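The structure under discussion appears below in the form of structure tokens.
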Amino acid sequence: MTLPLGAVRVAVVSFIVGPMAIIAVALRLWSRYLQGRKLAANDYLALVALVLAEAALSVFLAAGFAAGLGVHLDELLATAPGKFALHMKLFVPAQLLWAAANSCVKASILYLYIDLFPNKVFCRLCYGTLFVTAAYFTMVLIEAFALCKPVQYNWDKSIEGHCTGENIAYLVAGIVNLTIDTFIVVLPMPLVFNLQLILSEKIAVSAMLSLGAL
């Protein structure tokens, strides 16, 4: 079976990123064990994010191997309507799992910030960002279930129905997601550069905190 180039790329990325995420979270938990510290909210959120992310990768892989991922949708609908229907059915859970995992990662980082920097104003900014993150996930839920009527029209184009504002909704969600990520990276920088550290150490700490953007 020859896979489309897009499906091959998804498979390669999944088989690299998936194990890396598991190793990263395992090392995080192992460090907590070695330090004799109980798991905090940010650790539990990281675990939830890992489970959701691995589930999303599994759905993407299923779409690549069985549902024509990587083929233009118009071409897929014309040549393999069965695969098209499966592709669109898988798109809904993949979208929700990815957004949920993404939101949990954001929340994990924000709760870590709250633990590291117990500054009242800073913590309020973190909680405000958590609220915006929850609003972002709600927006993705609305995209998945409210843009197309009936809902089945998302994956079954043979029935009567219509979708409204899909492209705009996806664009707005992407912009909001990128904005939140950027804000989360920048948020602790003023506090880091006020620490009693030499410049190189401040830069190193900032770089370490910025890894969450990846």
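Bear in mind these aren't lab numbers, they're just calculated from the coordinates by the rules spelled out. This is a predicted model, so every value here is computed, not measured. Cβ: placed from backbone, ideal geometry, glycine included. Neighbour counts: every protein chain shown.
When the chain is treated as a Gaussian network with alpha carbon springs shorter than 10 Å, the biggest mean-square fluctuation among LEU112, LEU27, LEU141 belongs to LEU27.
Going by how many other Cβ atoms sit within 10 Å of their own, how do PHE137, PHE117, PHE145 line up, fewest first? Let's see the in-between values first.
Working: PHE137 19, PHE117 16, PHE145 13.
Ascending Cβ contact count within 10 Å gives the list PHE145, PHE117, PHE137.
Screening the chain for whole DSSP H helices of 18 Å or more along their axis (Cα) with average Kyte-Doolittle hydropathy at least -0.5 returns 5-35, 41-66, 81-116, 120-146, 166-186. In straight-distance terms, cross-link reach from LYS157 covers every one of the lysines whose alpha-carbon lies under 21 Å from its own, apart from those fewer than eight places away in the same chain; here that gives LYS83, LYS89, LYS149. Taking a Cβ cut-off of under 13 Å around TRP30, the surrounding Lys, Arg, Asp and Glu residues balance to a net charge of +2, with basic ones at +1 and acidic ones at -1.
Projected label points at GLN152 and TRP30, each 7 Å from Cα along the beta carbon direction, are separated by 5.0 nanometres. Per-residue ellipticity at 222 nm from helix content only, as computed over the chain with -39500 (n - 2.57) for each DSSP H run of at least four residues, stands at -26500 deg cm²/dmol. Computed from Cα atoms alone, the Kirkwood hydrodynamic radius reported for region 93-188 is 14.8 Å. Modelled label positions at ILE159 and VAL12, each set 7 Å beyond Cα in the direction of Cβ, lie 3.9 nm from each other. Based on alpha-carbon atoms, the Kirkwood radius and the radius of gyration of the chain give Rg/Rh equal to 1.04.
With a 10 Å Cβ neighbour count serving as the proxy for reagent exposure, in which order, fewest first, do ILE114, ILE168 appear? Intermediate values should be presented prior to the final figure.
Numbers: ILE114 19, ILE168 10.
Least to most surrounded, the residues fall as ILE168, ILE114.
Sort by residue number and name the cysteines in the chain that have no neighbouring cysteine Cβ under 4.7 Å. When partners are defined as cysteine Cβ atoms under 4.7 Å apart, the chain leaves CYS104, CYS123, CYS126 without one.
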